[in-house]
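Student: Here's a structure for you.
Throughout, read-outs are computed from the coordinates displayed, never taken from laboratory work. Source: prediction; values computed, not measured. Using ideal geometry, Cβ is built from the backbone for each residue, glycine included, and neighbour counts are taken over all protein chains shown.
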Amino acid sequence: MTRNDKNPSPGMETTGHDWDGIQEWNNPLPRWWLWMLYATIVWGVGYTIAYPAWPLVHGATSGLLGYSTRGAVAEEIAGVEQARSGMMEKLANADLTTLGQDPDLQGFAVNAGASVFRANCAQCHGSGAAGEPVGRLPEPPG
């Protein structure tokens, strides 16, 4: 096999890299690619200015819009607590023997109790509240 050092396209420069007889051309990037690169750079700078972006020691930069995901979550939690505050008040003052007479309050109590159980009790007692007999630990695997 012979090596051909001739440039088949006169006027085309190479980068000087040669690998197994293949030369690397020094072609410019496509225009559409360059415009997309410039657009993403502009978008990134704008996003960094508008929204909180850079973490600092005691927080993050607030951005010009003042948006905060923590603030959004706190607002949503406050809205949910306000929406259910009436039922919580009613449940706190309800007589447990007559709780079944108010189907809305009973449904709220059952769902709230199930939520509290899943969050705080199911780890030890199991999801069906069966748990393990007292004093007996589960067998180790293997």
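Student: Full extension from Val110 to Ile22: what is 0.36 nm times the residue separation minus their Cα-Cα distance, to one decimal in nm?
Tutor: Stretched out fully, the Val110 to Ile22 stretch lengthens by 24.2 nm.
Student: Something else about it: What is the extension gain from Gln82 to Trp43, computed as 0.36 nm multiplied by their sequence separation minus the C-alpha to C-alpha distance, in nm to one decimal? Let's see the in-between values first.
Tutor: Values: separation 39, 0.36 × 39 = 14.04 nm, distance 3.83 nm.
Contour length minus Cα-Cα distance gives 10.2 nm.
Student: Write down, largest first, the equivalent ellipsoid semi-axes of segment 8-48 in whole Å, where each equals the square root of 5 times an eigenvalue of the alpha-carbon gyration tensor. Walk me through the numbers on the way to the answer.
Tutor: On the way: eigenvalues 231, 28, 8 Å².
So the equivalent ellipsoid measures 34, 12, 6 Å along its semi-axes.
Student: Which residue fluctuates most in the GNM of the chain (Cα springs below 10 Å): Glu81, Glu24, Glu89?
Tutor: Residue with maximal mean-square fluctuation among Glu81, Glu24, Glu89: Glu24.
Student: Mind checking the alpha-carbon convex hull of segment 69-125 and giving the volume per residue in Å³? Working shown, then result.
Tutor: Working: hull volume 5.6 nm³, N = 57.
Spread over its residues, the Cα hull of segment 69-125 gives 99 Å³ apiece.
Student: For segment 36-142, which chymotrypsin sites (Phe, Trp or Tyr not before Pro) pass both filters: DSSP loop (anything but H, G, I, E, B) and at most 16 other C-beta atoms within 10 Å? Each step should come with its number before you reach the end.
Tutor: Numbers: sites: Tyr38, Trp43, Tyr47, Tyr67, Phe108, Phe117; in loops: Tyr67.
Qualifying residues, ordered by number: Tyr67.
Student: Quote the relative contact order of the chain in percent (integer), defining contacts as alpha-carbon pairs under 8 Å separated by 6+ residues. Can you show the working numbers first?
Tutor: Working: 65 pairs, mean separation 11.0, N = 142.
After rounding, I find 8 percent.
Student: Okay, next question. Give the angle, between 0 and 90 degrees and rounded to the nearest 10, that separates the Cα long axis of helix 69-92 from the longest principal axis of the Cα atoms of the chain.
Tutor: 10 degrees
Student: While we're on this one: Compute the signed sum of charges (Lys and Arg +1, Asp and Glu -1) over the other residues within less than 15 Å, Cβ to Cβ, of Thr69.
Tutor: Result for the neighbourhood of Thr69: -1.
Student: Here is a further query. Cα axis of helix 31-50 to longest principal axis of the chain: angle in degrees, 0 to 90, nearest 10?
Tutor: Result, in degrees: 40.
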